[in-house]
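The values are calculated or read from the model by the stated rules, or taken from the named source; none is laboratory data. None of these values were measured; they are calculated from a predicted model. All Cβ positions, even for glycine, are placed from backbone atoms using ideal geometry, and neighbour counts span all protein chains on display. The area values use the complete protein model at the heavy-atom level, side chains included, leaving out ligands, DNA and RNA. Shrake-Rupley method; radii C 1.70, N 1.55, O 1.52, S 1.80 Å.
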Amino acid sequence: MKQEKSKSILLAAKKIFARYGVTKTSVDEIARLARVAKGTIYNYFGSKDQIYLEVLQQEADEVIAKISSAIYQVDSPIDKLKAFVDTKFYSMRQAVNMLNLDRNRIEQLLPRAETIRNKYFKKETNIIHSILNEGVEKNIFFIDDTLLAAKAIGYALRGFEIHWLVEESEEHIEHYIEKILHMLFWGIVKKTVKL
């Protein structure tokens, strides 16, 4: 019963935070949508900020779980990298509060929110790093520093998140993902050019 109430509160909070943001959302609104007393929310979570942090952590965990599942279903490092990028962008569309974190600079109000975002990014980077290492081991990728490459890919994708996910259609996102993966796999320098 207690776990059910907690899930109900988090689901209600996720919806309201996504729509109005953390600063414009009240505990009363969360309680009303979750169909619990305001006091129940404070008993379970302590504060509105704590609920928000729980929602962020939940979204981050869900995106990482979806990414991990997607790359587990394919074999080649190239397909794994494609699955990573595709799943990341489609999963982030549902992780509205994670997107709003970057867009609204919530970390200034709640430093722990930035900690959640940083841990999420580190998990993403570790996944990319393992894919790149596998590609190097299988002689598919030629990369001197796989950790640096993983971070560079992670930061590049993070830079596109808000613009692509908020302002672009799914059709355009698919096109952009295809182009970015093409550049990643084949480079931008013509094969006849000597470096």
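Among the residues of segment 134-150, which ones are touching a Lys or Arg at 6+ places or on another chain (Cβ under 9 Å) and either modelled with pLDDT under 85 or not charged (D, E, K, R) (or both)?
G135
Only one of K38, K48 is under 24 Å from T115 (Cα atoms) and open to solvent by 10 Å² or more (accessible area, probe 1.4 Å); which?
Exactly one of K38, K48 is under 24 Å from T115 (Cα atoms) and open to solvent by 10 Å² or more (accessible area, probe 1.4 Å), namely K48.
Being open to solvent by 30 Å² or more (accessible area, probe 1.4 Å) and within 14 Å of the chain's Cα centre (by Cα) is true for just one of V63, V96. Which residue is that? Break it down into steps so the answer makes sense when it comes.
Numbers: V63 fails: open to solvent by 30 Å² or more (accessible area, probe 1.4 Å).
Testing whether each residue is open to solvent by 30 Å² or more (accessible area, probe 1.4 Å) and within 14 Å of the chain's Cα centre (by Cα) leaves just V96.
One line per residue, one yes/no per condition, for (1) under 20 Å from the mean Cα position of the chain (by Cα); (2) within 30 Å of T87 (Cβ to Cβ); (3) at pLDDT 95 or above:
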| site | (1), (2), (3) |
| --- | --- |
| K2 | no, no, no |
| K7 | no, yes, no |
| K14 | yes, yes, no |
| S47 | no, no, no |
| Y52 | yes, yes, no |
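Given the residues E114, E107, E124, which is the only one that is touching a helix residue (DSSP H, G or I) at 6+ places or on another chain (Cβ under 6 Å), acidic (D, E), surrounded by 12 or more Cβ atoms within 10 Å (Cβ to Cβ) and modelled with pLDDT under 75?
E107
Going by the conditions given, is I153 at pLDDT 95 or above, within 16 Å of the chain's Cα centre (by Cα), in a helix (DSSP H, G or I) and surrounded by 18 or more Cβ atoms within 10 Å (Cβ to Cβ)?
no
Anything in segment 131-149 that is open to solvent by 60 Å² or more (accessible area, probe 1.4 Å) and either out of contact with any helix residue (DSSP H, G or I) (no Cβ under 8 Å at 6 or more places or on another chain) or hydrophobic (A, V, I, L, M, F, W, C) (or both)? List them, or say none.
E137, N139, I140, F142, D144, D145, L147, L148
What pairs come out if I take residues in segment 40-68 that are within 30 Å of H129 (Cα to Cα) and pair them with residues that are at pLDDT 90 or above and open to solvent by 50 Å² or more (accessible area, probe 1.4 Å) whose C-beta lies under 6 Å away, six or more apart or interchain?
I64/K123
Anything in segment 113-150 that is touching a residue at least 60 places away in the same chain (Cβ under 8 Å) and more than 12 Å from the chain's Cα centre (by Cα)? List them, or say none.
Matches in segment 113-150: A113, I127, I131, K138, I140, F141.
Could you please find all residues in segment 1-34 being of a type in the set (D, E, K, R) and in contact with a Ser or Thr (Cβ under 7 Å, 6 or more places away or on another chain)?
K5
Taking the conditions exactly as written (touching a Phe, Trp or Tyr at 6+ places or on another chain (Cβ under 9 Å), among the hydrophobic types (A, V, I, L, M, F, W, C) and closer than 23 Å to S130 by Cα), does L81 satisfy them or not?
yes
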